[in-house]
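Have a look at the structure below before the remarks.
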Amino acid sequence: MFVKSLRNIIRGAVPMVLLLWSTVVSADWALNLREGVTQISHEVYDLHMIILWVVTIIGIIVFGIMAWSIVHHRKSKGAVLAQFHHSTVAEITWTIIPILILIVIAVPATKTLVLMEQTGDAEMTLKVTGYQWKWKYDYMDEDLSFFSSLGKASNEARQLNSGIDPASVDNYLIEVDKPVVLPTNTKIRILTTANDVIHSWWVPDLGWKRDAIPGFINDNWTYIEETGTYRGKCAELCGKDHGFMPIVVEAVSPEDYRTWIAETKQAQADALANSDREWAQDELMTHGEEIYNSACAACHLADGQGVPGAFPALDGSAIATGSVDGHMDIVLKGKAGTAMQAFGQQLSDADLAAVITYERNSWSNATGDVVQPADVKAAR
Amino acid sequence: MSEAAVHDDHHDHKPTGIGRWLFSTNHKDIGTMYLVFSLIMFFIGGAMAMVIRAELFQPGLQFVDPGFFNQMTTIHALVMIFGALMPAGVGLANWLIPMMIGAPDMALPRMNNMSFWILPFAFTLLLSTLFMDGGGPAGGWTMYPPLVLQLGDGFPFLIFTVHFLGISSIMGAINIIATVFNMRAPGMTYMRLPLFVWTWIITAFLLIAAMPVFAGAVTMLLTDKYFATSFFNAAGGGDPVMFQHVFWFFGHPEVYILILPAFGIVSQILPTFARKPLFGYASMVYATAAIAFLSFFVWAHHMFTVGMPLAGELYFMYATMSIAVPTGVKIFNWMATMWKGSMTFETPMLFSLGFIFLFTIGGFTGLMMGVTPVDFQYHDTYFIVAHFHYVLVPGAIFAVMGGVYYWLPKWTGHMYNEKLGKWHFWLSAITVNILFFPQHFLGLAGMPRRIPDYSVQFADWNMVSSIGGFAFGLSQLVFVVVIVQCVRGGQKATDQVWEGAHGLEFTLPSPPPFHSFTTPPQVTEATAHS
């Protein structure tokens, strides 16, 4: 009995200590740039340190001279006034020396920049697409793609006055539902683009960020040297939930990567096969609520009231209580010139059927309509 | 000189009542209105900064929702740049340029009135958007499409605010150029102009060159939203990145529009309190002109991460780094001005020294960000937030405050409370560093800018920064107390005000008559102490 409870205490205490340790570690007073885990990130870090030292040394000299002058050339010390106000030699000197220092910095900077732009001969390609407010990852060589959004626990805790202590949430705001998995020791080409507004894909440990711009495809590359989990964030203001679309990269060995690709593709195929059937209304409503909270509630809010002037209410709206076809049309194709996205590209037939059913039968909306995946398929 | 000034007093009929201000064509009254307006906007923008820092005090959302937070960051920037800093510079120019060059007033007094009175209307438009459906602008002061196009009813108000501000600034700039080119007193040659006047001529040309570009860019946004054009819409064959190029072609000179008058102020104050002429006057003028000229060729360093070709990235890196040279020349000249002087440390001098130290820190981080490959890490993080606040708050704003302390006795005829002034300086100088220095660490550790909430590893430095922010905000109340006290009374200021002060404005009585230099003074090498 005693042994058993002791074992329970130890079992409970280990994660507790780990948790405490992790808060201590994560709540660090970090001062400097992260060194990262790629060749590029090491070069960038070294360059950062070179410039930091250069400006620190210049700063010590300049501030030192000024401080000396302030201490010694003050009237209260009876400083004897000099009246010089010109010296060509001095002026030429302090023009030439900075130029030389700049050249010393520019040489390694140019080298690193040239290296960063060598996006050729990559072994695989990942396309990253920014959406308001999530990321889509396409494995271009694998016919595999999925969306990645803020983790559920973080999403609950980050609501205004949620009453949940962020410190109690694992990886608060830097956790996603589906991380992007990448192989180590592989040259990976990463394309960035966007679907709506400009975003920026940034994982500090990879050593760079690059804007994801609608209508543009930017290319970059990385070569991750160590397995691990690397976290980043959207770095370009992209609207209301800009702060809530993190990035999580899981770097695994090339063998584990192959296994993960196979498993994920299989799981996606299974889900698709399972969804292509008649659903019961209860089933649609339950699944619909999940989808609604992850895809719609950011703008239209969980209670369907929207934000006046910015995001229309769904509760009692003409679309959500009008014809089913009109409702499906706007959800599938979006509305140009607004933040309403074309969810036809993002969600499966079953997800769409569920969320539309949910919207038509929630709050004060009571149309009684049931939309099946087959209806969505027909409307596409 | 004093004879002319006394003579002026006989014609000193001031209009009275509200009409004095509404219809004013007097450069001193208009200067005062600009400065008071600027101070009010400084506190409005500051209140928004307090909202931002309160929300960022700890992780989690406690006070505002993310949409409103974005409105705060956006409008804080617009108010501080266009409402607080630029009008402060124009206000000082209005008050001082005619007195410094020996002119009776600005060349175009009625336009001067109009360029001021546009401002309150422009900011009423902007701030009214906060009460509209869809709220105020929330896409950042840089107004990048397509995001800015998602703004609701406030959108046209934002665009017209920018147009009004542009018209106001351009009229102000034309006025300054016309005044300096045509109304200098006999003997006041260009190379005898006080450096503040020089920096303002150069700033005025920057304004005239840059503001229309901005107006054009926002007009294209307007037609993209309402008239089905596709300048910046990729789906219609447009280019969202083109907006950024056009915007920053305005935006980079704008940075110097904010800082060059500050350089001018510091170049007036330092020689006074070092009791030694400005070192390298000619090289200061040329360095200012060089900085202004270069400012039109470096714009894309604000947008290294959009994905430019390698050649473009290399060019903008080298061009950006080259700005460090003329900027360095200025810092070294100020150091040489202090060197072997006989310095005293009244409040204006303290603010100027604070400026040189802290602006230089902002300059260092600016150099770091000019290095493109590393900027890929710094870009859009708190590192850049720290950088531009260092150059604008303890940079430009400290210089303006130093200038206000320096000329306040001249304007009001009373000495301000030196003890309170020193308190204001030391409180500001200490708290501004608590506020902004930790933001360097946050940015390097990976905290993006413009986010209302953050992961817990950023909690510590954010709390420090917020505490610094509240303290800095409160410290500014001391400034108001000093100004109000000084306007209402105090020890009588002499004409020269400061033992080491030179320049035509210090030959006038304190306060100067309503109309000064109605008879132009004769300037000689000896009296034109620049």
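Read-outs throughout are calculated quantities, based only on the coordinates presented, and are distinct from any laboratory measurement. The structure presented is a predicted model; accordingly, all values stated were derived computationally and were not measured. Note that each Cβ is placed from the backbone with ideal geometry, even for glycine, and that neighbours are counted across all protein chains shown.
Would you mind telling me the antiparallel percentage of the DSSP bridges in chain A, rounded to 5? Don't jump to the answer; show the numbers that get you there.
Details: 32 of 44 bridges.
Of all bridge pairs located within chain A, approximately 75 percent are antiparallel.
Using only alpha-carbon positions, what ratio does the radius of gyration of the protein assembly as shown give when scaled by 2.2 N^0.38 Å?
On the way: Rg = 30.3 Å, N = 910, 2.2 N^0.38 = 29.3 Å.
The protein assembly as shown yields a ratio of 1.03.
Could you work out how far the C-alpha centroid of region A:290-362 sits from that of region B:119-156, in angstrom?
26 Å
Neighbouring Cβ atoms within 10 Å as the yardstick, rank B:Ser128, B:Ser516, B:Ser465, A:Ser149 fewest first.
On the way: B:Ser128 13, B:Ser516 27, B:Ser465 24, A:Ser149 21.
Sorted ascending by nearby Cβ count, the order is B:Ser128, A:Ser149, B:Ser465, B:Ser516.
How far is it, in nm, from the label point at A:Ile103 to the one at B:Phe43 when both lie 7 Å from their Cα along the line to the Cβ?
If labels sit at A:Ile103 and B:Phe43, their model points lie 5.4 nm apart.
Considering the options B:Phe398, B:Gln491, B:Thr199, tell which one lies farthest towards the positive end of the dipole of the protein assembly as shown, charges being +1 on Lys and Arg and -1 on Asp and Glu at the Cβ, about the Cα centre.
Checked the options; the winner is B:Gln491.
Suppose the chain between A:Leu81 and A:Asp282 were pulled fully straight at 0.36 nm per residue; how much longer would it get relative to their current alpha carbon spacing? Can you show the working numbers first?
On the way: separation 201, 0.36 × 201 = 72.36 nm, distance 9.03 nm.
My answer for the length gained is 63.3 nm.
How big is the Cα convex hull of region B:103-173 in projection, averaged over all directions, in nm²? The partial results should precede the final answer.
Values: hull surface 20.8 nm².
Quarter of the Cα hull surface area: 5.2 nm².
Per residue, how much space in cubic angstrom lies within the convex hull of the C-alpha atoms of chain A? Don't skip to the answer; put the middle values down first.
Working: hull volume 102.2 nm³, N = 380.
Hull volume normalised by residue count: 269 Å³.
Given Cα pairs under 8 Å that are at least 6 residues apart, what percent is the relative contact order of chain B?
Working: 892 pairs, mean separation 107.9, N = 530.
With pairs under 8 Å counted, the relative contact order is 20 percent.
Label A:Leu272 and A:Gln346 with points 7 Å out from Cα along Cα→Cβ: what is the distance between them in nm?
Distance between label points: 2.1 nm.
Pick out which of A:Met66, A:Met340, A:Met116 has the largest mean-square fluctuation in a Gaussian network model of chain A, springs linking Cα atoms closer than 10 Å.
A:Met66
Can you tell me the length gained on complete extension of the stretch A:Thr229 to A:Asp121, counting 0.36 nm per residue apart and subtracting the Cα distance?
Working: separation 108, 0.36 × 108 = 38.88 nm, distance 2.52 nm.
Here the segment from A:Thr229 to A:Asp121 would lengthen by 36.4 nm.
Expressed as a whole number of Å, what is the distance separating the alpha-carbon centroids of region B:342-402 and region B:165-229?
24 Å
Separation of region A:84-99 and region B:240-302 by C-alpha centroid, Å?
19 Å
Figure the gain on full extension for B:Val484 and B:Phe23 (residue separation times 0.36 nm, minus the Cα-Cα span) and round it to one decimal in nm. Provide the component values of the computation, followed by the final result.
Numbers: separation 461, 0.36 × 461 = 165.96 nm, distance 2.43 nm.
Extending this stretch completely gives an extra 163.5 nm.
Given R₀ = 35 Å, what would the calculated FRET efficiency be for A:Ala262 paired with A:Asp325, taking r from the Cβ atoms and rounding to 0.05? Spell out each step's value before the answer.
Numbers: r = 39 Å, r/R0 = 1.12.
For R0 = 35 Å, the calculated efficiency reads 0.35.
Pop a pseudo-label 7 angstrom from the Cα along the beta-carbon direction at both B:Tyr286 and B:Leu477 and give the gap in nm to one decimal.
Between B:Tyr286 and B:Leu477, the label points sit 5.0 nm apart.
Given +1 on the Cβ of Lys and Arg, -1 on the Cβ of Asp and Glu, and no further charges, what dipole in debye does the protein assembly as shown carry about its Cα centre, rounded to the nearest 20?
Details: 48 positive and 69 negative charges, 735 e Å.
Dipole of the protein assembly as shown, to the nearest 20 debye: 3520 debye.
Please compute the net charge surrounding B:Leu147, taking Lys and Arg as +1 and Asp and Glu as -1 over other residues with Cβ under 14 Å from its Cβ. Intermediate values should be presented prior to the final figure.
On the way: positive: A:Lys240, B:Lys225, B:Arg450; negative: A:Asp196, A:Asp211, A:Glu236, A:Asp241, B:Asp224, B:Asp380.
Net of charged neighbours comes to -3.
Taking the alpha-carbon distance from A:Lys75 and a cut-off under 23 Å, which lysines remain once sequence neighbours fewer than 8 residues away in the same chain are dropped?
B:Lys276, B:Lys340, B:Lys419, B:Lys422
Can you tell me the FRET efficiency between A:Phe146 and A:Trp363 if r is taken as the Cβ-Cβ distance and R0 is 25 Å, rounded to the nearest 0.05? The partial results should precede the final answer.
Numbers: r = 30 Å, r/R0 = 1.20.
Once the sixth-power term is evaluated, E becomes 0.25.
Grab the beta carbon distance between A:Asp177 and A:Glu35, set R0 = 45 Å, and tell me the FRET efficiency rounded to 0.05. Show your work: numbers first, answer last.
Numbers: r = 29 Å, r/R0 = 0.64.
According to the calculation, E is roughly 0.95.
Which cross-chain or sequence-distant (5 or more) residues have an amide H under 5 Å from the amide H of B:Thr381, H modelled 1.01 Å from N in plane?
Long-range HN contacts for B:Thr381: B:Arg449.
How do A:Glu283, B:Glu55 rank when sorted from fewest to most other Cβ atoms within 10 Å of their own Cβ? The partial results should precede the final answer.
On the way: A:Glu283 13, B:Glu55 23.
In order of increasing Cβ crowding within 10 Å: A:Glu283, B:Glu55.
Could you work out [θ]222 nm for the protein assembly as shown from helices alone, using -39500 (n - 2.57) per DSSP H run of at least four and dividing by all its residues? Round to the nearest 500 deg cm²/dmol. Don't jump to the answer; show the numbers that get you there.
On the way: 29 runs with 507 residues, N = 910.
-19000 deg cm²/dmol, from helical runs alone.
Would you list A:Val181, B:Val487, B:Val306 from fewest to most Cβ contacts within 10 Å? Please list the in-between numbers first.
Working: A:Val181 18, B:Val487 15, B:Val306 21.
Going from sparsest to densest Cβ surroundings: B:Val487, A:Val181, B:Val306.
Determine the percent antiparallel among the DSSP beta bridges restricted to the protein assembly as shown, to the nearest 5. List each step's numbers first, then the result.
Numbers: 34 of 47 bridges.
Here the share of antiparallel DSSP bridges comes out near 70 percent.
Non-local amide H neighbours of A:Gln346 (under 5 Å, H modeled in plane, Pro and chain starts lacking H): which ones?
none
Around A:Thr259, with a cut-off of 14 angstrom between Cβ atoms, what is the net charge of the other residues, counting Lys and Arg +1 and Asp and Glu -1?
Details: positive: A:Arg258, A:Lys265; negative: A:Glu142, A:Glu250, A:Glu255, A:Asp256, A:Glu263.
It works out to a net charge of -3.
I want the local charge near A:Ser162. Using Cβ-Cβ distances under 11 Å, sum +1 for each Lys or Arg and -1 for each Asp or Glu among the other residues.
Numbers: positive: A:Arg158; negative: A:Glu156, A:Asp165, B:Asp453.
Value of the local net charge: -2.
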